[in-house]
Amino acid sequence: MLSFLRPSDAVPEPARFERSEKGPRYLMNGQVFQWAGPQHEVLAPVCLRGTDGPVQAALGGYPLMTEAESLLALEASCAAFGKGCGEWPTMSVAERFRCVETFIPRMQAVRGPVIRLLMWEIGKTLPDACNEFDRTVDYVRATVEALKNLDRTSSRFVLEPGFLAQIRRSPLGVVLCMGPYNYPLNEIFTTLIPALIMGNTVIFKPPKYGVLLHAPLLQTAASRATAARHSAQKNRRSISIPTDTKKAPTKTTRKGER
């Protein structure tokens, strides 16, 4: 009856998954922290053949964060924005897209782990998982090129009857980015990257199904935040990721927030 299921040692090498020993982590204020609190154990929707029947592979755990951690993420993002005077919103457009451009090869370096987690956590096929990752990288590149074109256009003066003007775009503030579980990488990055590259600070909430696949990207995002800090010689970061929350913040604004 279970002959159609494979034992774990029969999984093809490109799809074989090994549980990370790093444990639950989260990114806040440009640093990756280890989580010592309660966590949610993620089981694969794909079953393997076990000695007593079908077995769901245990993929790892992610933090079950509370309202307190959510508010800390909000405060860190508000402080990084600094009412529009923080390091990231005041950084030149050229420096911002340079930070994003250097993020791309670092993201590609963890392509394998992210693809395998897309397969095991969401249940995607190998071609679909590869396609989602590659489309996301292409989107990041296209967004950088779009910003370059927008910056060139904005540098020109516009002549209207009685007015000579220059239109410049400025960041709005703290942005909450969320995405669906069916495309947990691509759909989130299509909101996160434009928000970041335009100078906003970001709180990133992954979907309930599709959390672990972002774990390989945590250190990459943190290293880019550190590089941005060194570039500006200041000490604020631009992104916070509360991995999961038991309770959403009851208060979502702060005095002076734009």
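The values are calculated or read from the model by the stated rules, or taken from the named source; none is laboratory data. Note that this is a predicted model, so its numbers are computed, not measured. Reconstructed Cβ throughout: ideal geometry from the backbone, glycine too, with neighbour counts over all protein chains shown. Ligands, DNA and RNA are stripped out before the accessible areas are found, and what is left, the full protein with its side chains, is counted by its heavy atoms. Shrake-Rupley method; radii C 1.70, N 1.55, O 1.52, S 1.80 Å.
Okay, here's what the table says:
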{"quantity": "Loop-resident sites, region 1-94, for chymotrypsin sites (Phe, Trp or Tyr not before Pro), counting at most 14 other Cβ within 10 Å (DSSP)", "calculated": "Phe4"}
{"quantity": "Per-residue SASA entry for Ser70, accessible area with 1.4 Å probe, Å² rounded to 10", "calculated": "10 Å²"}
{"quantity": "Alpha-carbon Debye profile of region 74-117, log10 I(q)/I(0) at 0.13, 0.25, 0.26 Å⁻¹", "calculated": "-0.47, -0.82, -0.83"}
{"quantity": "Debye intensity ratio in log₁₀ form over the Cα atoms of region 1-137, taken at each q of 0.20 Å⁻¹", "calculated": "-1.27"}
{"quantity": "Carbon and sulfur %, accessible surface of region 61-124 computed with the full protein complex present, 1.4 Å", "calculated": "58 percent"}
{"quantity": "Mean-position separation - Cα centroids, region 15-93 and region 126-166, in angstrom", "calculated": "29 Å"}
{"quantity": "Solution diffusion estimate, µm²/s, Stokes-Einstein, region 87-187, Kirkwood Rh from C-alpha pairs, 37 °C, viscosity 0.692 mPa s", "calculated": "201 µm²/s"}
{"quantity": "Accessible area of Thr153 in the full protein assembly, 1.4 Å probe (Å², nearest 10)", "calculated": "80 Å²"}
{"quantity": "Leu196 - accessible surface, heavy atoms, 1.4 Å probe, Å² rounded to 10", "calculated": "20 Å²"}
{"quantity": "Relative contact order of region 90-224, pairs being alpha-carbon contacts under 8 Å that are 6 or more residues apart, as %", "calculated": "32 percent"}
{"quantity": "Size of region 107-160 as Cα extents on the principal axes (Å, biggest first)", "calculated": "56, 21, 15"}
